[in-house]
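The values are calculated or read from the model by the stated rules, or taken from the named source; none is laboratory data. This structure is a prediction, so every number in the text was calculated from the model and none was measured. Glycine gets a Cβ as well: all are built from the backbone with ideal geometry, and neighbour counts include every protein chain shown.
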Amino acid sequence: MIDILKGVNLYLIGMMGVGKTTVGKLLAEEIGYRFVDTDEVIVKAAGKSINEIFTENGEPEFRKLEGDVLAQVCAYTKLVVATGGGVVMQQQNWSYLHHGLIIWLDAPIQIILQRLAADNTRPLLQDADMESKLRSLLEQRQPMYSQADLHITISATETPEEIATRILATIPSILKQQ
Ligand SMILES: Nc1ncnc2c1ncn2[C@@H]1O[C@H](COP(=O)(O)OP(=O)(O)OP(=O)(O)O)[C@@H](O)[C@H]1O
Ligand SMILES: O=C(O)C1=C[C@@H](O)[C@@H](O)[C@H](O)C1
Ligand SMILES: [Mg+2]
């Protein structure tokens with residue numbers, strides 16, 4: 001696997017809670033890549049949480065930081081990059097994502113709801129009606145997510161390890177097409 005990838009970065013995209021961070025770490029370990037999470041880089045650089053950035057600086061500032069981080073990481077090779085769920089909405093970001101293979105992790109809203117029901121670290125989900133909020137975000141984003149090179153649909157029972165294994169098994173077929 002490591003040979004056929006030739007150092008090309010893997011970018012994980014998809015909705016909040018779908019498992020980009022969790023699966024990304026496993027993928028990186030498996031293929032001997034470094035793991036980068038754009039949300040984590042932003043939090044470290046800003047010295048505050050994502051909730052604080054949204055509240056104190058606003059979402060546009062967060063999106064600017066996100067684009068800056070993506071621009072910086074795409075200068076490196078051999079990375080698995082877990083992105084934030086909204087990264088696909090800035091057209092400019094696609095020029096960075098296309099430096100590597102783009103993998104869309106896609107899970108039914110019900111799975112995401114179960115996972116994030118007790119989570120208060122995602123500012124866009126601090127809404128009384130989390131399900132409607134998720135549905136409306138997915139509706140806006142789905143056309144963008146679907147531009148990925150690889151679409152991985154996740155079932156409720158699949159473990160992060162199984163998902164990582166399935167991604168690695170599928171990559172050779174998409175590399176051949178390119
Ligand atoms: N396959 C899985 N099965 C069960 N739980 C999972 C699975 N993948 C991730 N999770 C859990 O779901 C939650 C969200 O996962 P994670 O943080 O990796 O999502 P994310 O896509 O990175 O979200 P965000 O876009 O907000 O950063 C975590 O609690 C994680 O442990
Ligand atoms: O889907 C989104 O817009 C977000 C997802 C998270 O990864 C963070 O980037 C932030 O909470 C926004
Ligand atoms: Mg994440």
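Taking (1) closer than 28 Å to PRO160 by Cα; (2) small (Gly, Ala, Ser); (3) buried (at least 16 other Cβ atoms within 10 Å of the Cβ) in turn, GLY32 satisfies each apart from (3). GLU40 passes every criterion in (1) buried (at least 16 other Cβ atoms within 10 Å of the Cβ); (2) within 12 Å of ligand 1 (Cβ to nearest atom); (3) of a type outside the set (Ser, Thr, Tyr) apart from (1).
Just a yes or no: is a residue in region 4-24 basic (Lys, Arg), more than 16 Å from the chain's Cα centre (by Cα) and under 26 Å from ILE167 (Cα atoms)? There is at least one residue in region 4-24 that is basic (Lys, Arg), more than 16 Å from the chain's Cα centre (by Cα) and under 26 Å from ILE167 (Cα atoms). Here ILE53, ILE4 are screened, and the one residue that is part of a helix (DSSP H, G or I) and at pLDDT below 95 is ILE4. Here GLY17 meets the list (1) over 24 Å from SER146 (Cα atoms); (2) not in a helix (DSSP H, G or I) almost entirely, failing just condition (1).
Only one residue in ALA156, ALA128, ALA169 is touching a Pro at 6+ places or on another chain (Cβ under 9 Å) and either assigned to a loop (DSSP other than H, G, I, E, B) or more than 22 Å from ILE53 (Cα to Cα) (or both), so which one is that?
Every option except ALA156 fails the conditions.
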